[in-house]
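Note sheet for the following structure.
The values are calculated or read from the model by the stated rules, or taken from the named source; none is laboratory data. Since the structure is predicted, the reported quantities are computational estimates derived from the model, not experimental observations. All Cβ positions, glycine included, derive from the backbone under ideal geometry; neighbour counts span all protein chains shown. Protein only, heavy atoms only, side chains kept; ligands, DNA and RNA dropped before computing areas. Shrake-Rupley method; radii C 1.70, N 1.55, O 1.52, S 1.80 Å.
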Amino acid sequence: PNDSPTPLQNMEQSTIVESVKRSIGDLPEDQREVVRLSFIEGLSHQEISDAIGIPLGTVKSRLRLSFEKLRHTLGDFQ
Amino acid sequence: MTVNHHPHDDLLLSYAAGSLSETWSLAVASHLSLCAECQRTIELAETIGGILFADMPDERMSSDALDHVLAQIDQPSGEAASANTRLALDKRAAVSTTFPRVLCEYVGHDVDDVPWKSIGGEVYQHLIKTADKSARARLLRIAAGKTVPSHGHRGRELTLVLSGSYQDGLSLFSAGDMEDVDEELVHKPIADTATDCICLVITDAPIKFKEWVPRLLQPMIGI
C-alpha cells in the first residue's frame, strides 16, 4: 500500500521531473516540436506531417531520436 | 514467451500519447498484451507525457497538476489518463482467450473459430472491421511452409505473430513478435514448416504484389 510519499521520495521524484524537463529542453527544436505535437495536440504522424510540412519519414525519425534521448535520461532512474 | 521483435519507438510514443489511430492502436495493444518490455516503454512514454503537460504555461493547467504527474511516476500505466483513440488494455481476469483479449473483441472470435476466407496458395485471411479508414486490419493464416508472394508496400506494415512463426530474410518471427516495416522494403515471408502461421497484419496502403497473378486478385481480396 502506498502511503503519502516520504520526503526522500518527493526529492527523488522532483529530481526525475527536473532531469526529464532538462532533457526535453536540450532536444533540438525540431524534435521537441514533434513530441509536443504528439502529446499536447494529439496529432498522428500524418497530421504532424501535414501541419508542419515535413515528410512522414522525417516525423518518424524525429520521434524515434527524441524518444531515444528521453528514455536514456529516465533510464538513469530505473 | 520471449519477444525479440518490437514496433519502432515512434509508434509506441504515439500510442502512449493517444494520437495513434484505432487500427494501428489495435495492433500495438495486442502486442503489448504479449510483451512486458514494450509495456515498460509505454510507461516511460507516459511519464514523459505527464512531465510535458506539467511544464506547460499555467493557464492550461490546474494547480495540482504537478501532484498528478508525480503520482503518475509512482503508479504508471494503469492510472494513466486515456486519450482519444487509445485502446484500454483489459487487465481484469475474465474468460481466458488464446488471442489477445482486445483482438478477440474486434474479431468477434477466438483463434479456433475465425471465419477464414481463402485467397489462394494456402493463404487465408479474415478482414477486421474498424471505424478508422486510414489503415486496413486483417488476420492472415499461412499454411505451414508456404510463402506469402513477394511484395513491396506503399506505406507501413505491421505484422504481429499470434501463433506459429515465419522467416523474413534472415530474421525469425514467432508468437508475440511484431515486424514493423516501412515502404522501402520488398519482402517474401515464409511460414515455418511445423505449423500454420497466424498473424495480425495492419497496412496503410494497398500492398503492391510483384507477380502478375496476385495483382489481378487484389480488388477481389481487398488488399
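Take the residues in the stretch B:117-129 that are modelled with pLDDT under 90 and open to solvent by less than 40 Å² (accessible area, probe 1.4 Å), then tell me which one is farthest from B:His8 (Cα to Cα).
B:Gly120
Taking the conditions exactly as written (modelled with pLDDT under 95 and not in a helix (DSSP H, G or I)), does A:Ser23 satisfy them or not? Spell out how you get there, then give the answer.
Details: modelled with pLDDT under 95: yes; not in a helix (DSSP H, G or I): no.
Against the criterion (modelled with pLDDT under 95 and not in a helix (DSSP H, G or I)), A:Ser23 does not qualify.
Answer yes or no: is there a residue in the stretch B:161-176 that is under 21 Å from B:Thr193 (Cβ atoms), open to solvent by 10 Å² or more (accessible area, probe 1.4 Å) and of a type in the set (Val, Ile, Thr).
Taking every residue of the stretch B:161-176 in turn, none turns out to be under 21 Å from B:Thr193 (Cβ atoms), open to solvent by 10 Å² or more (accessible area, probe 1.4 Å) and of a type in the set (Val, Ile, Thr).
Quick one: which of A:Ser38, A:Ser49, A:Ser61 is part of a helix (DSSP H, G or I) and in contact with a Pro (Cβ under 8 Å, 6 or more places away or on another chain)? Let's see the steps before the verdict.
Working: A:Ser38 fails: in contact with a Pro (Cβ under 8 Å, 6 or more places away or on another chain); A:Ser61 fails: in contact with a Pro (Cβ under 8 Å, 6 or more places away or on another chain).
Answer to the selection: A:Ser49.
When the residues of the stretch A:1-57 are narrowed to those that are surrounded by fewer than 13 Cβ atoms within 10 Å (Cβ to Cβ) and of a type in the set (A, V, I, L, M, F, W, C), which ends up farthest from the other protein chains (Cβ to nearest Cβ)?
The selected residue is A:Leu8.
Would you confirm whether or not the stretch B:33-40 contains a residue that is within 8 Å of chain A (Cβ to nearest Cβ) and crowded, with 21+ Cβ neighbours inside 10 Å? Can you show your working first?
As a first pass, look at the stretch B:33-40 and keep what is within 8 Å of chain A (Cβ to nearest Cβ): none.
No, the stretch B:33-40 contains no residue that is within 8 Å of chain A (Cβ to nearest Cβ) and crowded, with 21+ Cβ neighbours inside 10 Å.
Identify, from the list B:Leu26, B:Leu44, B:Leu20, the residue that is open to solvent by less than 60 Å² (accessible area, probe 1.4 Å), away from every other protein chain (no Cβ under 12 Å) and either modelled with pLDDT of 95 or more or out of contact with any Gly (no Cβ under 6 Å at 6 or more places or on another chain) (or both).
Working: B:Leu44 fails: away from every other protein chain (no Cβ under 12 Å); B:Leu20 fails: away from every other protein chain (no Cβ under 12 Å).
None of the others qualify; the one that does is B:Leu26.
Can you tell me which residue is nearest to the other protein chains (Cβ to nearest Cβ) among those in the stretch B:1-17 that are assigned to a loop (DSSP other than H, G, I, E, B) and among the hydrophobic types (A, V, I, L, M, F, W, C)?
Per the stated criteria, the residue is B:Val3.
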